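Before any comments, here is the structure.
The values are calculated or read from the model by the stated rules, or taken from the named source; none is laboratory data. What you see is a predicted model; the values in this text were computed from it and never measured. Note that each Cβ is placed from the backbone with ideal geometry, even for glycine, and that neighbours are counted across all protein chains shown. For accessibility, only protein heavy atoms count, side chains too; no ligands or nucleic acids. Shrake-Rupley method; radii C 1.70, N 1.55, O 1.52, S 1.80 Å.
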Amino acid sequence: TSPESASIYDVLYSIIGQLADISDSLLEPLGTGNMKSMNKYIPRFLRNMSRALKHPVYIFLDSIDQLKSTDGAYNLKWLPPELPPNINIIISTLPDAHGILDSAKKLIPDECFIEVPPLQDDTSSEIIDAILKSNKRTLTTEQRKMVMDSLQKVPSPLFLKLLIDRAI
């Protein structure tokens, strides 16, 4: 999340704006005036995007536990009840934050959940090596130690990606 996307309304508004841009579509100005109208607008908008874009669309909403609690962000009622076949929404949250996971389990079938375990050191090293090799870069021993020490504190794939991007 960022200051521009601290509420679920802002996140959803940003998503529909981005999808409209890539599909050269216009937004209906009255369709997104408040959260209630947004909830009604999004399913129709996604159906239109599905037809316009035709290819698979993946919408990633990372760390929704960091959103403001306004507009029912944590109860997930803003998620469309059905998605077109080529539209996919992937959300991430901490498992014990704000009851989000419990809310999700009431709305989403069990087979749609994937727990992302903490990265193991050997997996982290392999990922680091692959990214460095593909970018024709290396880390000094001191830099690698700093990255690995940081990963001990936050062993997540996203954090690893951010660390490596910063290092190279």
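Given their separation in residues at 0.36 nm each and the Cα-Cα distance between them, residue 161 and residue 52 gain 36.0 nm when the chain is fully extended. Residue farthest toward the positive end of the dipole of the chain, with Cβ of Lys/Arg at +1 and Asp/Glu at -1: which of 14, 138, 67? My answer, from the dipole projection, is 14.
For the chain, the solvent-accessible area of protein heavy atoms averages 67 Å² per residue (probe radius 1.4 Å; ligands and nucleic acids excluded). For the chain, the 222 nm mean residue ellipticity estimated from helices alone, with every DSSP H stretch of n ≥ 4 adding -39500 (n - 2.57) and the total spread over all residues, rounds to -15500 deg cm²/dmol. On the chain, 55 percent of the accessible area sits on carbon and sulfur atoms, based on a 1.4 Å probe. Charges were assigned to the Cβ only: +1 to each Lys and Arg, -1 to each Asp and Glu. The resulting dipole of the chain about its Cα centre is roughly 420 debye.
Cα centroid distance between the range 89-165 and the range 7-47, in Å? One Cα centre to the other: 30 Å.
Over all directions, what mean area does the Cα convex hull of the chain project, stated in square nanometres?
11.7
Taking other residues whose beta carbon is less than 12 angstrom from the beta carbon of residue 53, and scoring Lys, Arg as +1 and Asp, Glu as -1, yields +1.
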